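Notes to accompany the following structure.
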């Protein structure tokens, strides 16, 4: 079961809200999930939803709140819609439903956004707006590379109205015009948490937060592993290069090497995979890594100077190609 379905099921299982909040929820579902049509020359309200429980909620609210009957039809998945949907149709009493929910204004003109009485409603009724929009066209992503709540809006005016409702609840949301449609997008983790809290999906929020925390821990662990691997690769490549240069230095200088520099060079060649700090511990007596590095640096500088004087390849020419 997807997280979206889990959230919708949880919202539908909440205790009944006050009538004004339920009417706000119904109005928003009708606005975001369907619209007005003419059937046989008469006005009809038609809603198509991909969540059976939400469709049943619409039928229940239209009957309980407004006394309007409805019918429902299951539409199988097809090439255009990959999931089964439920179409709810209201013909008898459609005028009453459209006027009472604000799909039509007082002059019987279609409303493109949400009714003013909803956009200026108390916070308690805005909960119904958020619930209705999500039940109609909401999707919450599983915590992954992207974490979002997307709600498809029928018009730009409806999208802006929903953004305004979110803003009044302290939730940051933005509109997007994508693929010829309008979307309200919530991306920030705190905003997603606030949205799920407002609509009452607290159990789903706990699961979402746990999944998000688990992903972040795993991502941090992977970054650390990759960082350590990169450091190990660089250290190994540096050791190979250093050994190659020391070998070339011995070839250039022959026996003309001060004992303390020759000792540091042999220490490097005898412990090819060791770090400078480890080389110092292998030395007798023990040396600091700076002392080891300094002696090897002077050995290479002496060899490079002699190579330059003789016109022969320097120690750097002995470094193998370490590219993958």
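The values are calculated or read from the model by the stated rules, or taken from the named source; none is laboratory data. Predicted model only: the values in this text are computed from it and were never measured. We place every Cβ from the backbone using ideal geometry, glycine too, and count neighbours over all the protein chains shown.
Quick look at the values:
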{"quantity": "Residue count for the range 1-50, restricted to those that are farther than 21 Å from residue 153 by Cβ, in a strand (DSSP E or B) and in contact (Cβ under 8 Å) with a residue 12 or more places away in the chain", "calculated": "4"}
{"quantity": "Out of 114, 118, sole residue that is touching a helix residue (DSSP H, G or I) at 6+ places or on another chain (Cβ under 8 Å) and part of a helix (DSSP H, G or I)", "calculated": "118"}
{"quantity": "Test: residue in the range 69-81 that is closer than 21 Å to residue 154 by Cα and not in a strand (DSSP E or B)", "calculated": "yes"}
{"quantity": "Verdict on residue 159 being at pLDDT 90 or above, assigned by TED's automatic domain parsing to the domain that holds residue 69 and more than 30 Å from residue 209 (Cβ to Cβ)", "calculated": "no"}
{"quantity": "Residue match in the range 80-88 (condition: buried (at least 20 other Cβ atoms within 10 Å of the Cβ), over 30 Å from the mean Cα position of the chain (by Cα) and either within 29 Å of residue 124 (Cβ to Cβ) or without any contact (Cβ under 8 Å) to a residue 24 or more places away in the chain (or both))", "calculated": "yes"}
{"quantity": "Count of the range 178-211 residues which are more than 24 Å from residue 12 (Cα to Cα) and at pLDDT below 85", "calculated": "4"}
{"quantity": "Checking residue 28 against (1) under 31 Å from the mean Cα position of the chain (by Cα); (2) loosely packed, with under 15 Cβ neighbours inside 10 Å, the condition it does not meet", "calculated": "(2)"}
